[in-house]
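Student: Can you keep this structure in mind? I'll have questions shortly.
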Amino acid sequence: MATTQPDPAGDALAPVLAAIQRRDPAALAQLYEQTADRLYGLIHCLLNNAQDAEDVLSELFLAVWHEPQRYDATRGPVIAWLMIMARSRALDLLRRHKQMRFTVAEPSAIDSDFLQAASHAPSPVDMLTAWQEGSRVQQALSQLSDIQRHLIL
């Protein structure tokens, strides 16, 4: 069975990334021009929010500029590396948004829950009356014989 290794020579973006590794800003602009639409489409599809998609895309190209050596040609073409990074960053953002929704409740929801619980709670007067009646019942039960108390309980 033959295994196919990625062919960096057949990857049109490999020389562009090599130039970025040499700190050529024109190469970063070229990479952006050739891939941004495709990457933005993927990110926007996952996030369904234009501003978030633009932010993730910017972060992605900033990461490419700062760490272009992270690309490994043996693992696939440059576009695949970029697509994987774009997908990962978009999913990370979705997780952060989801986590924030669960940790920060709406104030109106908190107020509503509090008011609902408070409306079902007995008033202090009711609690005192119940305690006093309970005390009287306990006193009355203590005056009964063990058998009588056991039957009532």
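Student: In whole Hz and in residue order, list the ³J(HN,Hα) couplings for the stretch 41-55 that follow from phi through the Karplus curve 6.51 cos²θ - 1.76 cosθ + 1.60, θ = phi - 60°; x for Gly and Pro.
Tutor: Each residue of the stretch 41-55 in turn: x, 5, 4, 5, 4, 6, 8, 6, 8, 5, 5, 5, 5, 5, 5 Hz.
Student: Would you mind counting up the charge near Val64? Only other residues with Cβ under 13 Å from its Cβ, with Lys and Arg at +1 and Asp and Glu at -1.
Tutor: 0
Student: Does the stretch 12-52 come out rounded, prolate or oblate by the C-alpha gyration tensor, with a ≥ b ≥ c the root eigenvalues, rounded set by a/c under 1.5 and, if not, prolate when a/b is larger than b/c and oblate if not?
Tutor: Since a/c reaches 1.5 and a/b is larger than b/c, the shape of the stretch 12-52 is classed as prolate.
Student: Heavy atoms only, probe 1.4 Å: what % of the accessible area of the stretch 48-102 goes to carbon and sulfur, would you let me know?
Tutor: Summing carbon and sulfur atoms, their accessible area is 52 percent of the total for the stretch 48-102.
The values are calculated or read from the model by the stated rules, or taken from the named source; none is laboratory data. Worth saying up front: this structure is predicted, and the values here are computed from it rather than measured. For neighbour counting, all protein chains shown are included, and Cβ atoms are generated from backbone atoms with ideal geometry for every residue, glycine included. Heavy atoms of the whole protein, side chains included, go into the accessibility calculation; ligands, DNA and RNA do not. Shrake-Rupley method; radii C 1.70, N 1.55, O 1.52, S 1.80 Å.
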